[in-house]
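Peer 1: Would you mind keeping the following structure in view while I ask a few things?
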Amino acid sequence: MIHKIIRHLLLTLFITTMALPATAQRIESGYIFPNDYKNSNDVKSGKGGLFYISGSYRQPLYMRHDSVKGTKMLTATISGKYASLCNKEGIIANNPEEIINIGTMLTYVAPITERWNLVATAGISLNAIPEYIRLQSIAITGGTIFMYRVNKELNIGIGAVVTTAYGEPVIIPTPFITWKRNGKFSIDLNMRGMPELAITTQIDKRTELSITPIAIEGLSAVVNIGNSNKLYTQRIFKSTIGISHKICNGLTLYAQTGYIPYRSVRIQERSHRTFWKELFDTDKRCKFSPSGFVSIGVKYNL
């Protein structure tokens, strides 16, 4: 009963944010078609798809422009995703039926010199399955990145993020790269967290075609297995082609289809030692076979 109430509250939140005045917001729904699931021993043990609805809401809280150094800015972002894992056969035992990820983040950008900027973030998130929400399901994250503007198109940087998602605080080195080149075919490379590369071109004044060779997304939840809290994570690699159409100023509808070449599952102990030990260890990961997916969404910009 409780998990149904939480699910309805999350969906209500997405709908409500559509009516709020914001600089940018997005709502998207998608479906990954069912495909074979293999355990860490590469043995098929069932099938699983995934339906999701996600949304984000971004609002500047403070902005001050310096004609020499640049602009100071404080921005708040609220994001959330509800996922229903369409599990079948043996994978039901190790994969939750539903996952909820909700988070809020404050981002502060301050110029240090004409080319150097400081980017500081602080946030809190809930990563849980609806029927098992505990204090351990809440993660606190903070980070600092020093960003260097190479030119108008390219920014690079390095920093570190501290998170309690793994139970104990874990410090993770974080590279930062954004590259955006405009033209007949615009290229947008974003490596602020999950990497994404997008190529877009205008078909007409209102319609845009996009190809995304690689985009990485994730889901996570604290689960209880054998009276012990563990972290369940999915990593989803996407290659997509999409089309968007501008309905009016600030309102855009879009649709995507594509290919999921890699979707992995990991269940691990929540400790910094386990995080570093298993970071590049693919032997302990379960995975789904490649599959297709579709999604539709709406973007609103004030």
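The values are calculated or read from the model by the stated rules, or taken from the named source; none is laboratory data. Only a predicted model underlies this, so the values are computations on that prediction, with no experimental measurement involved. Glycine gets a Cβ as well: all are built from the backbone with ideal geometry, and neighbour counts include every protein chain shown. Remember, those area values only see protein heavy atoms, side chains included, never the ligands or the DNA or RNA. Shrake-Rupley method; radii C 1.70, N 1.55, O 1.52, S 1.80 Å.
Peer 1: Of 226, 143, 49, which is the most mobile in a GNM of the chain whose springs link Cα atoms less than 10 angstrom apart?
Peer 2: 226
Peer 1: Another question, if that's okay. From Cα pairs below 8 angstrom and at least 6 apart in sequence, can you work out the relative contact order of the chain, rounded to a whole percent? Working shown, then result.
Peer 2: Values: 790 pairs, mean separation 47.6, N = 302.
This gives 16 percent for the chain.
Peer 1: Shifting gears a bit: Evaluate the relative contact order of the stretch 127-281 (contact order divided by residue number), counting alpha-carbon pairs under 8 angstrom at least 6 apart; express in whole percent. The partial results should precede the final answer.
Peer 2: Working: 333 pairs, mean separation 25.5, N = 155.
For the stretch 127-281, the relative contact order is 16 percent.
Peer 1: Shifting gears a bit: What does the extension gain come out to for residue 122 and residue 44, with contour length at 0.36 nm per residue minus their alpha carbon separation? Please report the intermediate quantities before stating the final value.
Peer 2: Values: separation 78, 0.36 × 78 = 28.08 nm, distance 4.07 nm.
The residue 122-residue 44 span can extend by a further 24.0 nm.
Peer 1: In percent, what relative contact order does the stretch 107-185 have, based on Cα pairs under 8 Å that are 6 or more apart in sequence?
Peer 2: Numbers: 151 pairs, mean separation 17.8, N = 79.
Computed value for the stretch 107-185: 22 percent relative contact order.
Peer 1: While we're on this one: With a 1.4 Å probe and every protein chain left in place, work out the accessible area per residue of the chain in Å², rounded to a whole number. Could you put the intermediate results ahead of the total?
Peer 2: Details: 16600 Å² over 302 residues.
Each residue of the chain exposes 55 Å² on average to a 1.4 Å probe.
Peer 1: Roughly to the nearest percent, how much of the accessible area of the stretch 35-88 is carbon and sulfur, given a 1.4 Å probe?
Peer 2: Numbers: 1490 of 2860 Å².
Summing carbon and sulfur atoms, their accessible area is 52 percent of the total for the stretch 35-88.
Peer 1: For n ≥ 4 DSSP H runs only, could you compute -39500 (n - 2.57) per run for the chain, divide by its residues and tell me the 222 nm figure to the nearest 500? Working shown, then result.
Peer 2: Working: 2 runs with 23 residues, N = 302.
The helix contribution divided over the chain gives -2500 deg cm²/dmol.
Peer 1: Quick check: residue separation of residue 228 and residue 296 times 0.36 nm, minus the Cα distance between them. What number comes out in nm?
Peer 2: Working: separation 68, 0.36 × 68 = 24.48 nm, distance 3.77 nm.
So the chain would gain 20.7 nm between residue 228 and residue 296.
Peer 1: Grab the eigenvalues of the alpha-carbon gyration tensor for the stretch 87-217, scale each by 5, take roots, and send me the semi-axes largest first in whole angstrom. Mind dumping the intermediate values first?
Peer 2: Values: eigenvalues 211, 122, 28 Å².
Working through the eigenvalues yields semi-axes of 32, 25, 12 Å.
Peer 1: So, one more: If you take every residue apart from residue 261 with its C-beta less than 11 Å away from the C-beta of residue 261, what net charge results, scoring Lys and Arg +1 and Asp and Glu -1?
Peer 2: Numbers: positive: 238, 263, 287; negative: none.
That works out to +3.
Peer 1: Between (1) 22.9, 71; (2) 19.2, 56; (3) 20.0, 62, which entry matches Rg and Dmax of the Cα atoms in Å as derived from the coordinates of this structure?
Peer 2: (3)
Peer 1: Under 17 Å from a point placed 7 Å out from the Cα of residue 203 along the Cα-to-Cβ direction: which residues of the stretch 216-242 have their backbone N that close?
Peer 2: Within reach of a label on residue 203, which here means backbone N under 17 Å from a point 7 Å along Cα→Cβ, the stretch 216-242 contributes 240-242.
Peer 1: Compute the projected area of the convex hull of the Cα atoms of the stretch 164-302, averaged over all viewing directions, and report it in nm² to one decimal place.
Peer 2: Details: hull surface 43.0 nm².
So the mean shadow area of the Cα hull is 10.8 nm².
Peer 1: Specify the angular offset, from 0 to 90 degrees and rounded to the nearest 10, of the alpha carbon long axis of helix 2-17 from the longest principal axis of the alpha carbons in the chain.
Peer 2: Tilt relative to the chain: about 20 degrees.
Peer 1: For residue 72 and residue 131, calculate 0.36 nm times their separation in residues minus their Cα-Cα distance, and state this gained length in nm to one decimal. Before the final figure, lay out the partial values.
Peer 2: Values: separation 59, 0.36 × 59 = 21.24 nm, distance 4.17 nm.
So the extension gain works out to 17.1 nm.
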